[in-house]
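The values are calculated or read from the model by the stated rules, or taken from the named source; none is laboratory data. Keep in mind that what you see is a predicted model, and the values were worked out from it rather than measured. No Cβ is skipped: glycine too gets one built from the backbone with ideal geometry, and neighbour counts run over all protein chains shown. Quick note on the areas: whole protein, heavy atoms, side chains included, nothing else; ligands and nucleic acids left out. Shrake-Rupley method; radii C 1.70, N 1.55, O 1.52, S 1.80 Å.
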Amino acid sequence: MAEDRYDFEEIEKRWQKYWSDAGLFKTHEIPGAEKYYLLEMFPYPSGKLHMGHVRNYSIGDVAARYLKMKGLNVLHPMGWDSFGLPAENAAIAKGVHPNLWTHNNMAEMREQFKRLGISYDWDREVATCDPAYYKWMQWIFIQFFKNGLAYKKKNPVNWCPSCETVLANEQVESGVCDRCGSVVGKKELSQWYLKITDYAERLLSDLDRLEGWPAKVKLMQKNWIGKSTGAEVDFGIEGSDKTLRVFTTRPDTLFGVTYMVLAPEHPFVKELTAGGAYEEPVRQFLEKLQYLSDIDRTAVTLEKEGLFIGRSAINPLNGAKVPVYIANYVLPDYGTGAIMAVPAHDQRDFDFAVKYGLDIIPVIDPPADARIDVNNLKEAFIAEGRMINSGGFNGLSNREAIEQITAYIEEKGIGAASVNYRLRDWLISRQRYWGTPIPMIRCDACGWVPEKEENLPVLLPTDVAFTGKGESPLTTSKTFRETTCPLCGGKAERETDTMDTFLDSSWYFLRLCDAHNEKEAFSKEKTAYWMAVDRYIGGVEHAILHLLYARFFTKFLCDIGSCPVDEPFTNLLTQGMVLKDGKKMSKSVGNVVSPEEIVNKYGADTARLFILFASPPEKELEWSDAGVEGSYRFLNRVFRLVSELAETLKSAPDDYTSVTEADRALDFAMNRAIKKVSDDIGGRFGFNTAISSIMEAVNALYKYKELPQTNAGLLKAALTDLILILSPFTPHICEEMWRLTGHGASLYGEKWPDYSEAALARDRTEIVVQVNGKVKEKFEVESGLGKEELIAAARADARVQRLIAGREVLKLVAVPGKLLNIVVKQ
RNA sequence: GCCGGAGUGGCGAAAUUGGCAGACGCACAGGACUUAAAAUCCUGCGGUUCGUGAGAAUCAUACCGGUUCGAACCCGGUCUCCGGCACCA
């Protein structure tokens, strides 16, 4: 490295040690102080930080350091989402125990965090794989169980054949495993579920309260929860005393029902066909369906296939008899698993009716005088209209009919208004080792019984075999499996599945408030002080999964009186991806830039500065090696400036008065930068524009210092402010420059500079003169002129007179402080 | 298919409330310094036309139209790209 470059290696190391030795980042509850809880999503300890991490944590660190300087009591903790499959895969592949592998990775990554200079309070570090943490995870699970929100159910579940485990609906992305990309199949298994559906309505309606969340994320959650309002209606079945209940969002179309469809898995199907001629064809239909993966089963492109099952249903409104089918397009686990089909007004039903030659009866005509022509119908009519063929409801608008028919079926006792959600209960069992053991015990006499709370944690056994095949590795540990029933003391068996790691991450922000509590998951006092998280920062890929689960946990813990708030995150920032050559950095594409390499070559400050400058936080960031060079050049430029002036500053006065025009210009530039940086960090997180305004200030300083006559007091103030406002972005070099300019030991937590309104006030203001909206001239006027004065000043200006000479002025639009638009006849 | 979001120089971007389009940076070009290079410093840098020149005119924020004194920004339509959901009755 050339000697005219600043020695980032030595400087960064020294300051990191200083911060650590001085314990500057330790945080405590300070009664009365304004608190700010700033959190970045904790990482999975894969072993190395990638550029996305660097971006995430740099963004957070700027805010943390800034808010600290603004005098807030800032909580900025970090931890590890340290249970998960990669550790176990490493165990299978290399024979390393997942615990060792994980702890080695955490140690390595903790060093990388420190080398980036992120201001974390490491005393609060938590790891979800730590028994001291998962003890309380198990405690929370037991609270769910005790409140009837955790249950075990046998169900066809999503099964990833490659990960050899079940997956939650949220972890299946269009039919494939979101971890490994394998096509997800179905398997009939008895699994633990959390009843998140009980919270569907609150998770939905409380989104309105989250004003500090991006609209996009709220919309994604809203769509995921998928609320539908409608009615449930009972249809009779001919020759049976059973009633078939269906859910519909369109009770107005009840008179248009021409057939019924059950999901093939619907329990009625076997009963209704048993012993008859349809039993065998139905069995074959079901068998064929079993071989379909989820992706094929639910694809829109899948040809609709159905089978008449030999029975008729009776429409409770008009007594019409309609055939009953089973079909692949009806889902067993939504609504009642059965539908009434109205081909005239539902496209799916229409397609099916056309294929199987079923009747189509329109019950809604388009508004105005148009009529539906059933014989020439090309597609279902799904718009609004006027009721026909619907007995006493004819003539109503279909909207009115929805209400009146719903009221009618309620009155007759054949149905009721109803709400359905797309959201399903959360399947949380995993057939893997490296996760929190589900603290439940199966007793033949007592059923499922939770482990006694005083016996927690239920520790992960160490005598297991990692085969990666079939069942949970915990089943191979006899000492783990065999136990006694906490209720009756009889012989019993432990649950051998572990929890989905998304549970671990659904409450860590609470534990971080009180990381070492041995008596409870977190204390009320500490969470009351720190919660909610004032700003949460992470990738948009967690918009649904993690952020929905965390909201669910918080609401539940609030309901049982453990947590003081029912929404965890007041403000959310979803940062954009880091791209290289237009694509997401990934090993498979081979476009990964390693943070380590960049930090070694340019230092952490340069890496941070580039990442923060190249793009606004929420947008994608295109990696540019040349851009990194540019950021490095800028830091050297600042360092040279400060080094050159350092001696002068030591003898400079603390006060100054701007005398010359140049003095005032510099004073103006500095104060504008302070205002801009304060507004940008404190407000909309416009870090890129904050940095550009600092660059402008540096350019102004370079110009100023070359002048024959400079003001030492002004220079001192300017450089002091410059170092302070740059410090949240590039803390190491700023600490060093702070020292070089003769200030105190560390600038961490130093008061953030205020800008001076007086310095920003200008005597004269430039006014743009437009003719018919096009800029023609500029002229200066005294600041603070009103509309009339501005127009008068303009009329007096020779250039303006020239512009309007010989033209008919129709109108003058004056915007004080900005412009004057002269509208002339064309 | 449905629901969102975005489209601005060679590139990353800025324009915060409808008011100077392109700040800041990258790349590039020219100059200074140097035996030379690197580094550094200075200058230029959307297109077209005109002018020897300072400069002037004109077009330009995906495309077409509208509202407005004035539109990158608001409205309607089209195209492209990105994201989410994807037979949810």
> Name the residues in segment A:217-256 that are out of contact with any Asp or Glu (no Cβ under 9 Å at 6 or more places or on another chain), part of a loop (DSSP other than H, G, I, E, B) and not polar (S, T, N, Q), would you?
Replying inline: A:GLY226, A:GLU238, A:GLY239, A:ASP241
> Does A:VAL824 satisfy the condition of being open to solvent by less than 40 Å² (accessible area, probe 1.4 Å) and more than 50 Å from the chain's Cα centre (by Cα)?
Replying inline: yes
>> Here are the criteria: (1) in contact (Cβ under 8 Å) with a residue 12 or more places away in the chain; (2) open to solvent by less than 60 Å² (accessible area, probe 1.4 Å); (3) not aromatic (Phe, Trp, Tyr). Tell me which single one A:LYS26 does not satisfy.
In response: (2)
>> Based on this model, can you work out whether A:ILE140 counts as over 20 Å from the mean Cα position of the chain (by Cα), modelled with pLDDT of 95 or more, within 19 Å of A:PHE729 (Cβ to Cβ) and aliphatic (A, V, I, L, M)?
In response: no
>> I'd like the residue in segment A:257-275 that is part of a loop (DSSP other than H, G, I, E, B) and open to solvent by 40 Å² or more (accessible area, probe 1.4 Å) and, out of all such residues, is farthest from A:GLU188 (Cα to Cα).
In response: A:GLY275
> Just for segment A:750-774: of the residues that are open to solvent by less than 80 Å² (accessible area, probe 1.4 Å) and part of a helix (DSSP H, G or I), which one is nearest to RNA strand B (Cβ to nearest atom)?
Replying inline: A:LEU760
> Looking at segment A:702-717, which of its residues are open to solvent by 30 Å² or more (accessible area, probe 1.4 Å) and either outside any loop (DSSP other than H, G, I, E, B) or acidic (Asp, Glu) (or both)?
Replying inline: A:TYR702, A:LYS703, A:LYS705, A:GLU706, A:ALA712, A:LYS716
> Going by the conditions given, is A:ASP463 surrounded by fewer than 19 Cβ atoms within 10 Å (Cβ to Cβ), more than 30 Å from A:ASP351 (Cβ to Cβ) and more than 36 Å from the chain's Cα centre (by Cα)?
Replying inline: yes
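Matching residues to (1) within 27 Å of the chain's Cα centre (by Cα); (2) on the phi < 0 side of the Ramachandran plot; (3) at pLDDT 95 or above:
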position: A:SER58; (1), (2), (3): yes, yes, yes
position: A:TYR66; (1), (2), (3): yes, yes, yes
position: A:MET78; (1), (2), (3): yes, yes, yes
position: A:ILE92; (1), (2), (3): no, yes, no
position: A:GLU125; (1), (2), (3): yes, yes, yes
position: A:TYR134; (1), (2), (3): yes, yes, yes
position: A:TYR151; (1), (2), (3): no, yes, yes
position: A:LYS154; (1), (2), (3): no, yes, no
position: A:GLU164; (1), (2), (3): no, no, no
> Assuming A:LYS619 fulfils every condition listed in (1) open to solvent by 40 Å² or more (accessible area, probe 1.4 Å); (2) in contact (Cβ under 8 Å) with a residue 24 or more places away in the chain; (3) within 11 Å of RNA strand B (Cβ to nearest atom); (4) in a helix (DSSP H, G or I) apart from one, which condition is it?
Replying inline: (4)
>> When the residues of segment A:592-614 are narrowed to those that are in contact with a strand residue (DSSP E or B) (Cβ under 8 Å, 6 or more places away or on another chain) and within 15 Å of RNA strand B (Cβ to nearest atom), which ends up most open to solvent (accessible area, probe 1.4 Å)?
In response: A:ALA614
> Which members of segment A:381-412 meet the condition of being aromatic (Phe, Trp, Tyr), assigned to a helix (DSSP H, G or I) and open to solvent by 30 Å² or more (accessible area, probe 1.4 Å)?
Replying inline: A:TYR408
>> Taking the criterion of being near RNA strand B (Cβ under 7 Å from one of its atoms) and over 20 Å from A:VAL578 (Cα atoms), would at least one residue in segment A:646-667 satisfy it?
In response: no
> In segment A:86-105, how many are of a type in the set (A, V, I, L, M, F, W, C) and outside any helix (DSSP H, G or I)?
Replying inline: 1
> From the set of residues in segment A:622-643 that are among the hydrophobic types (A, V, I, L, M, F, W, C) and either within 25 Å of A:PRO214 (Cα to Cα) or within 7 Å of RNA strand B (Cβ to nearest atom) (or both), which is most open to solvent (accessible area, probe 1.4 Å)?
Replying inline: A:ALA626
> If you go through segment A:466-489 one residue at a time, how many are within 19 Å of A:ASN89 (Cα to Cα), modelled with pLDDT of 90 or more and exposed (fewer than 13 other Cβ atoms within 10 Å of the Cβ)?
Replying inline: 0
> Do we find a residue being open to solvent by less than 10 Å² (accessible area, probe 1.4 Å), aromatic (Phe, Trp, Tyr) and free of Cβ contacts under 8 Å to residues at least 60 places away in the same chain anywhere in segment A:73-80?
Replying inline: yes
>> Considering only residues that are surrounded by 22 or more Cβ atoms within 10 Å (Cβ to Cβ) and of a type in the set (Val, Ile, Thr), which ones fall in segment A:728-749?
In response: A:THR730, A:ILE733
> Identify, please: which residue in segment A:197-222 is within 10 Å of RNA strand B (Cβ to nearest atom), surrounded by fewer than 18 Cβ atoms within 10 Å (Cβ to Cβ) and in contact (Cβ under 8 Å) with a residue 60 or more places away in the chain and is, among those, nearest to A:LEU272 (Cα to Cα)?
Replying inline: A:MET220
>> Suppose we keep only residues that are within 11 Å of RNA strand B (Cβ to nearest atom) and open to solvent by less than 40 Å² (accessible area, probe 1.4 Å) within segment A:232-253. Which one would you say is nearest to A:SER397 (Cα to Cα)?
In response: A:ASP252
>> Looking at segment A:142-165 only, could you name the residues that are within 17 Å of A:PRO332 (Cβ to Cβ), of a type outside the set (D, E, K, R) and either in contact with a Ser or Thr (Cβ under 9 Å, 6 or more places away or on another chain) or part of a loop (DSSP other than H, G, I, E, B) (or both)?
In response: A:ASN155, A:VAL157, A:TRP159
> A:VAL282: closer than 16 Å to A:PRO332 by Cα, in contact (Cβ under 8 Å) with a residue 60 or more places away in the chain and either part of a helix (DSSP H, G or I) or open to solvent by less than 10 Å² (accessible area, probe 1.4 Å) (or both), yes or no?
Replying inline: no
> Out of curiosity, is A:GLY84 modelled with pLDDT under 95, on the phi > 0 side of the Ramachandran plot and either open to solvent by 10 Å² or more (accessible area, probe 1.4 Å) or under 21 Å from the mean Cα position of the chain (by Cα) (or both)?
Replying inline: yes
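Per-residue answers, yes or no, for (1) of a type in the set (Ser, Thr, Tyr); (2) out of contact with any helix residue (DSSP H, G or I) (no Cβ under 9 Å at 6 or more places or on another chain); (3) within 14 Å of RNA strand B (Cβ to nearest atom):
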{"residue": "A:LEU302", "(1), (2), (3)": "no, no, yes"}
{"residue": "A:GLY306", "(1), (2), (3)": "no, no, yes"}
{"residue": "A:ILE309", "(1), (2), (3)": "no, no, no"}
{"residue": "A:GLY319", "(1), (2), (3)": "no, yes, no"}
{"residue": "A:VAL324", "(1), (2), (3)": "no, no, no"}
{"residue": "A:GLY337", "(1), (2), (3)": "no, no, yes"}
{"residue": "A:ASP346", "(1), (2), (3)": "no, no, yes"}
> For the subset of segment A:797-808 comprising residues that are open to solvent by less than 80 Å² (accessible area, probe 1.4 Å) and either part of a loop (DSSP other than H, G, I, E, B) or more than 15 Å from A:LYS776 (Cα to Cα) (or both), which member is farthest from RNA strand B (Cβ to nearest atom)?
Replying inline: A:ASP797
